[in-house]
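Engineer: This is the structure, below, for whatever I ask next.
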Amino acid sequence: MEKKLAIHGGTPVRKELVPGMLRGALVVGAEEEARVSQVMRAASMNRYYGPDNQAAVSTFEDRMAEAFRIPFVLGLTSGTAALVVALKALGIGYGDKVIVPANTFTATPGAVICCNAVPVYVDMDETLNLDPADLERVMDDEVKAIIVVHINGQSCDMDRIMPFARKYNLPVIEDVAQSFGASYKGQFCGTFGEIGAFSFQMQKIVTSGEGGAIATRDFRLFERAVRYHDQGSFRDKGRYVTEGSGLSVGEAFVGQNFRMTEMAGAVMLEQWEKRDAIISHMRKYHRRIKSALAAELPGIKFRGTVDEQGDLGCILAFLHDDAANAKQFVDAMMAENVFTYFMYGAKPIYMTPFLLNKQTAEKNNFPFDYPFKNPVEYAPGMCPNAERILPRMTLMPISPLMTDTEADEVIEAVIKVYRGLGLLEKATARA
Ligand SMILES: *Cc1c(COP(=O)(O)O)cnc(C)c1O
């Protein structure tokens, strides 16, 4: 009855690997091509001018702002740029510390360091998101902001994070790079804090290959963001300053160039139209696979959640009894041709050697040379839950093109591997 696992020489459930990590990139088609061509025919590739400007970037910004029910959205060159622009808008810099979760992509602490501030790491829990109970531990009066990261399609516990931030008067940046369209209690992620930072890089939910955006309700922050991303300029005031808003225009300062191209804007306009289809497809198959597995494999554990409805369903994450089981699961699933992986090498981000050792591109490892009252110390063991949970958590992407057959094969493979390796028996024996 039990089938021989592919890893033990049996026949794999699937002939070919289930498509991996792409989402919006998988549904790029004639629509994006036509819209980009329109920009090219108009020879107006810059958002601010050109002989026949198509206003692709600004139209995209308007659509996103309207749907997210937030007044200001600014298109940018990347998610990393979005984090840097957000920190700069808030005036975070040398001598400041910024709270960053242990489980995130390098870009999150990287953006903090780019702004001459230093990250302090807060632990995570079984949701893979930051653990609000650990926030107090890292707090001191040199901490000037929090970046919360909604990792892999799922919101953080905003009902617990926002009161902490308010208590210490800390601005909140939400890193929504992996969770465009996810929500918490019916409100879109990226609209809770002072600024939401989005990425449209190739692996993200909607994409222009590279790209990003920030969203904010605060006109003053928005103006600073616009200025920082456009060499200090605040062009097109008519577009930004609405009549009767009563908002004054702030001061100029030195900026950089993080302007989104019209080609990226054109692609984003079409990806925007496809977002609901992408998300509802992933959600449908995520639910189907998860509930089939829960029914067939009593005792199976998944990643925790603070809002199941708001989850994008872009990955299904399994929590294993121990790291050895997790490793066996990944190897056996890959042999069955179902793509399964560990997040970021199953380690918290601060274990990356250049972050752990405070290696920057600057002299004297600036900005870590700042004479903090309470200097940051990084070491293994710093966030014990992240170090314990990440090696036990395995992830399986759900594609926006998944078919019924693929979903059935994924379910079959997971059941085959859990039973074949006796993963749940071991867990029950130990419990
Ligand atoms: C991808 C990502 C970023 C950076 O986005 P880019 O567009 O690649 O610069 C930032 N934070 C997280 C959590 C990400 O996954």
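The values are calculated or read from the model by the stated rules, or taken from the named source; none is laboratory data. Because the structure is a prediction, the values reported are computed rather than measured. Positions of Cβ are generated from backbone atoms using ideal geometry, with glycine treated the same way; all protein chains shown enter the neighbour counts. Ligands, DNA and RNA are stripped out before the accessible areas are found, and what is left, the full protein with its side chains, is counted by its heavy atoms. Shrake-Rupley method; radii C 1.70, N 1.55, O 1.52, S 1.80 Å.
Engineer: Can you tell me which residues in the stretch 209-224 are among the charged types (D, E, K, R) and within 12 Å of the ligand (Cβ to nearest atom)?
Structural biologist: Initially, the stretch 209-224 is screened for residues among the charged types (D, E, K, R), giving 210, 217-218, 220, 223-224.
If the condition is that a residue be among the charged types (D, E, K, R) and within 12 Å of the ligand (Cβ to nearest atom), then GLU210 is the only one that fits.
Engineer: Continuing with the same structure: Considering only the stretch 1-20, state which residues are farther than 15 Å from GLU406 by Cβ and in contact (Cβ under 8 Å) with a residue 60 or more places away in the chain. Give the derivation first.
Structural biologist: First pass over the stretch 1-20, keeping only residues farther than 15 Å from GLU406 by Cβ: 1-11.
Passing the criteria: GLU2, LYS3, LYS4, LEU5, ALA6, ILE7, HIS8.
Engineer: Go through the stretch 266-298 and give me each residue that's farther than 22 Å from ALA213 by Cβ and in contact with a Pro (Cβ under 7 Å, 6 or more places away or on another chain).
Structural biologist: The answer is HIS281, and nothing else.
Engineer: Based on what the data block shows, is GLY232 in a loop (DSSP other than H, G, I, E, B) and either surrounded by 18 or more Cβ atoms within 10 Å (Cβ to Cβ) or at pLDDT 85 or above (or both)?
Structural biologist: Values: in a loop (DSSP other than H, G, I, E, B): yes; either surrounded by 18 or more Cβ atoms within 10 Å (Cβ to Cβ) or at pLDDT 85 or above (or both): yes.
Yes; evaluated as a whole, the condition is true for this residue.
Engineer: Also, quick follow-up: Does at least one position in the stretch 127-143 carry a residue that is in contact (Cβ under 8 Å) with a residue 60 or more places away in the chain, within 13 Å of the chain's Cα centre (by Cα), open to solvent by less than 20 Å² (accessible area, probe 1.4 Å) and within 21 Å of LYS358 (Cα to Cα)?
Structural biologist: Checked the stretch 127-143: no residue is in contact (Cβ under 8 Å) with a residue 60 or more places away in the chain, within 13 Å of the chain's Cα centre (by Cα), open to solvent by less than 20 Å² (accessible area, probe 1.4 Å) and within 21 Å of LYS358 (Cα to Cα).
Engineer: Let me confirm something: among GLU16, GLU61, GLU33, which residue is in a helix (DSSP H, G or I), open to solvent by 10 Å² or more (accessible area, probe 1.4 Å) and either out of contact with any Asp or Glu (no Cβ under 7 Å at 6 or more places or on another chain) or not acidic (Asp, Glu) (or both)?
Structural biologist: Result: GLU33 is the single residue among GLU16, GLU61, GLU33 that is in a helix (DSSP H, G or I), open to solvent by 10 Å² or more (accessible area, probe 1.4 Å) and either out of contact with any Asp or Glu (no Cβ under 7 Å at 6 or more places or on another chain) or not acidic (Asp, Glu) (or both).
Engineer: Of all residues in the stretch 91-120, which are open to solvent by less than 10 Å² (accessible area, probe 1.4 Å), away from the ligand (no atom under 13 Å from the Cβ) and not in a loop (DSSP other than H, G, I, E, B)?
Structural biologist: LYS97, VAL98, ILE99, VAL118, listed by residue number.
Engineer: If you don't mind, another one. Would you say VAL149 is within 15 Å of the ligand (Cβ to nearest atom), touching a residue at least 40 places away in the same chain (Cβ under 8 Å), among the β-branched types (Val, Ile, Thr) and more than 29 Å from LYS358 (Cα to Cα)?
Structural biologist: Working: within 15 Å of the ligand (Cβ to nearest atom): yes; touching a residue at least 40 places away in the same chain (Cβ under 8 Å): yes; among the β-branched types (Val, Ile, Thr): yes; more than 29 Å from LYS358 (Cα to Cα): no.
So VAL149 does not fit the description; no.
Engineer: Would you confirm whether or not the stretch 46-57 contains a residue that is over 12 Å from LEU269 (Cα atoms), among the basic types (Lys, Arg) and free of Cβ contacts under 8 Å to residues at least 60 places away in the same chain?
Structural biologist: No, the conditions are met nowhere in the stretch 46-57.
Engineer: Name the residues in the stretch 161-208 that are under 15 Å from the mean Cα position of the chain (by Cα), farther than 27 Å from ARG137 by Cβ and within 16 Å of the ligand (Cβ to nearest atom), would you?
Structural biologist: Within the stretch 161-208, PHE180, GLY181, PHE198, SER199, PHE200, GLN201, MET202, GLN203, LYS204, ILE205, VAL206, THR207 meet the criteria.
Engineer: While we're here: If you go through the stretch 1-31, how many residues are closer than 15 Å to VAL410 by Cβ and acidic (Asp, Glu)?
Structural biologist: Going through the stretch 1-31 one residue at a time, the tally reaches 1.
Engineer: Looking at (1) open to solvent by 30 Å² or more (accessible area, probe 1.4 Å); (2) within 14 Å of the ligand (Cβ to nearest atom), which is the only condition LYS88 fails?
Structural biologist: Only one criterion in (1) open to solvent by 30 Å² or more (accessible area, probe 1.4 Å); (2) within 14 Å of the ligand (Cβ to nearest atom) is unmet by LYS88, namely (2).
Engineer: Here's another thing I want to ask about it. Take PRO163 and tell me if it is in contact (Cβ under 8 Å) with a residue 60 or more places away in the chain and assigned to a helix (DSSP H, G or I). Reasoning before the result, please.
Structural biologist: On the way: in contact (Cβ under 8 Å) with a residue 60 or more places away in the chain: no; assigned to a helix (DSSP H, G or I): yes.
Judged against the criteria, PRO163 is not a match.
Engineer: Here's something else I'd like to know. Among the residues of the stretch 36-58, count how many are surrounded by fewer than 15 Cβ atoms within 10 Å (Cβ to Cβ) and in contact with a Gly (Cβ under 6 Å, 6 or more places away or on another chain).
Structural biologist: Residues flagged as surrounded by fewer than 15 Cβ atoms within 10 Å (Cβ to Cβ) and in contact with a Gly (Cβ under 6 Å, 6 or more places away or on another chain) within the stretch 36-58 amount to 0.
Engineer: Let me ask you something else. Just one of (1) in contact with a Lys or Arg (Cβ under 6 Å, 6 or more places away or on another chain); (2) open to solvent by 30 Å² or more (accessible area, probe 1.4 Å) trips up ARG166, so point out which.
Structural biologist: (1)
Engineer: Return yes or no: is PRO371 open to solvent by 60 Å² or more (accessible area, probe 1.4 Å) and either assigned to a loop (DSSP other than H, G, I, E, B) or touching a Cys at 6+ places or on another chain (Cβ under 9 Å) (or both)? If you could, list the steps in order and put the result at the bottom.
Structural biologist: Numbers: open to solvent by 60 Å² or more (accessible area, probe 1.4 Å): yes; either assigned to a loop (DSSP other than H, G, I, E, B) or touching a Cys at 6+ places or on another chain (Cβ under 9 Å) (or both): yes.
Answer is yes for this residue.
Engineer: Okay, moving on. Looking only at the stretch 281-309, count every residue that is under 25 Å from ASP322 (Cβ atoms) and over 20 Å from the mean Cα position of the chain (by Cα) and tell me the total.
Structural biologist: 12
Engineer: For the stretch 63-80, check the following and say yes or no: at least one residue is within 16 Å of the ligand (Cβ to nearest atom) and over 19 Å from the mean Cα position of the chain (by Cα).
Structural biologist: Looking only at the stretch 63-80, we keep the residues that are within 16 Å of the ligand (Cβ to nearest atom), and these are 64, 73-80.
If we keep only those that are over 19 Å from the mean Cα position of the chain (by Cα) too, we end up with none.
No; the residues of the stretch 63-80 include none that is within 16 Å of the ligand (Cβ to nearest atom) and over 19 Å from the mean Cα position of the chain (by Cα).
Engineer: A further question on this structure: Condition first: within 18 Å of the chain's Cα centre (by Cα) and either more than 30 Å from ALA252 (Cα to Cα) or assigned to a helix (DSSP H, G or I) (or both). Can you find one or more residues in the stretch 39-57 that meet it?
Structural biologist: The first filter runs over the stretch 39-57 and keeps only residues within 18 Å of the chain's Cα centre (by Cα), leaving none.
No, there is no match, as no residue in the stretch 39-57 is within 18 Å of the chain's Cα centre (by Cα) and either more than 30 Å from ALA252 (Cα to Cα) or assigned to a helix (DSSP H, G or I) (or both).
Engineer: Among the residues of the stretch 270-293, count how many are of a type in the set (Val, Ile, Thr) and either surrounded by fewer than 19 Cβ atoms within 10 Å (Cβ to Cβ) or not in a helix (DSSP H, G or I) (or both).
Structural biologist: The number of residues fulfilling the criteria is 0.
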